[in-house]
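Q: Mind having a look at this structure? Questions to follow.
The values are calculated or read from the model by the stated rules, or taken from the named source; none is laboratory data. On a predicted model such as this, the values are computed, not experimentally measured, just so you know. Because the Cβ atoms are built from the backbone with ideal geometry, glycine has one as well, and the counts that use them run over all protein chains shown. When the accessible area is computed, the model is the full protein with side chains, heavy atoms only, and any ligands, DNA or RNA have been set aside. Shrake-Rupley method; radii C 1.70, N 1.55, O 1.52, S 1.80 Å.
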Amino acid sequence: YRTSNMPAKGYVPLGMRSDSWRSLVAIRSEAGHATAPPSRRRYAFNAMFSISTNASRERLSYIVEGNAAAWHARTGMEAYVRMSNWFGDPNERRSDQTTTEEYMRVLLDSVFTVSPAGHNPECFRMYEAVEAGSILITTRDDLVSAPDASREGAPGCPDALALWSDAP
């Protein structure tokens, strides 16, 4: 894989953050816990990310925040939207991010997870959402790891969104 921060160096795929994994294990060990099927989840989608990581995230935040209420009115399903201006440990008091435990609970209760790329096309959220049974939503450009790679014939899902504004 390539990384936008250090294009000459590769990186190993991430997996889940250790604090997210610990939260997920704790939630799953609660008496009576069962991962709900998509038809019984509370949120149609979640969008939880820091907008400071790259410019496309800030644009996406305007799209998501501007359409969440309309989505609820049209479908009757809620959207969990939490944007942060700060990137760091979500469990610190000064953080405006969702705590790790709440984050994992939202993933477990969401049909879809909006997953914009950060510094790299791959992020912890991809693994965390899949482990929670939530389907990722990303854009075609986020799926292409090399910044100079041709978009034509790029790997990934042929139904990937070309732009975030193309989302229904």
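Q: Roll a 1.4 Å probe over the protein heavy atoms and report the accessible area of T75 in Å², nearest 10.
A: Roll a 1.4 Å probe over it and T75 shows about 60 Å².
Q: How many nm separate the modelled label positions at R74 and H33, each set 7 Å beyond the Cα in the direction of the Cβ?
A: 3.4
Q: Not counting ligands, DNA or RNA, and with a 1.4 Å probe, what is L14's accessible surface area in Å² rounded to the nearest 10?
A: That residue has around 80 Å² of solvent-accessible surface.
Q: Compute the FRET efficiency between Y62 and L136 as 1/(1 + (r/R0)^6), taking r as their Cβ-Cβ distance and R0 = 22 Å, and round to the nearest 0.05.
A: 0.60
Q: Please list, in order along the stretch 126-133, the HN-Hα scalar couplings obtained from phi with the Karplus expression 6.51 cos²θ - 1.76 cosθ + 1.60 (θ = phi - 60°), rounded to whole Hz, x for Gly and Pro.
A: 4, 6, 5, 5, 4, 4, 8, x
Q: On a full-extension model of 0.36 nm per residue, what is the gain between H119 and V25, subtracting their alpha-carbon distance, rounded to one decimal in nm?
A: Extending this stretch completely gives an extra 31.1 nm.
Q: Once phi is turned into ³J(HN,Hα) by the Karplus curve 6.51 cos²θ - 1.76 cosθ + 1.60 with θ = phi - 60°, what whole-Hz value does each residue of the stretch 37-47 show in order, with x for glycine and proline?
A: Whole-Hz 3J(HN,Hα) from phi for the stretch 37-47: x, x, 5, 10, 8, 6, 9, 5, 8, 10, 9.
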